[in-house]
1. Mind checking which helices (runs of 4 or more DSSP H) fall wholly inside the stretch 133-241 and carry at least 1 residues that are under 17 Å from residue 69 (Cα atoms)?
2. Just to check your reading of the model, which residue among 172, 151 is surrounded by 12 or more Cβ atoms within 10 Å (Cβ to Cβ), at pLDDT 95 or above, within 17 Å of the chain's Cα centre (by Cα) and within 27 Å of residue 203 (Cβ to Cβ)?
3. What single numbered condition from (1) closer than 30 Å to residue 8 by Cβ; (2) touching a strand residue (DSSP E or B) at 6+ places or on another chain (Cβ under 6 Å) fails to hold for residue 119?
């Protein structure tokens, strides 16, 4: 089968990645078959490009991808950003400085076009969260302020540690100047985090950006995701799919529910869904 008129954009965690954080052999083979048949394969992830690439060994990404939950479009073939949207650094900086001053038990990360940086000390960072966010380094705030901020992540190391930060953010009116994305991760016992993004940015706005690129012209865009931060991605795509482990709200907007992320969801998409489109 030829796939010249299709492009697949997939989320990573909970979608392409199984519960071990790996891409199955069946999914890898399906991706290679899809690309060999003329398809464009790309990811739509909250991860930073270098971090995403570390977790995708031998997985070809021949289509420009959405990274940082829509704040960037990245070309993994040429290893360069096509677009990166700066956030309101004054607002985000004030939030992080306040968190550091109050010494709340939070991991504080800053994402820039040259990588991931910790604003909080690495010696108290959650080991699991630190492990999956590599490469990274710690920089003092005065050096971080010299960089262009694209996204920040605040992870709680104690239950409800995010609550006072969220209260401060709303008190200062920063919720009107930034996009807020809540999430969880199973590599941390508590696992709750808050992302701060450029205003009105999400994976759906990332879809609008990649549709402008000539390589996507005339292609049917198939999106796959499992969680709240994939909602706008799925709504902006031509065909919305999700793995069986997706939350119910995501399943409700999808035309196709695939096997779970532990049961070769992408292989099922290429094998069973594409021939019927």
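1. Numbers: elements: 141-144, 162-171, 203-210, 231-236.
Ranges flagged: 203-210, 231-236.
2. Details: 172 fails: within 17 Å of the chain's Cα centre (by Cα).
After ruling out the rest, the residue left standing is 151.
3. (1)
Residue by residue, here is whether (1) buried (at least 20 other Cβ atoms within 10 Å of the Cβ); (2) more than 23 Å from residue 168 (Cβ to Cβ) holds:
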residue: 90; (1), (2): no, no
residue: 108; (1), (2): yes, no
residue: 131; (1), (2): no, yes
residue: 139; (1), (2): no, no
residue: 142; (1), (2): no, no
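The values are calculated or read from the model by the stated rules, or taken from the named source; none is laboratory data. Note that the structure is a prediction, hence the values are computed from the model and not measured. Backbone-built Cβ (ideal geometry, glycine too); neighbour counts: all protein chains shown.
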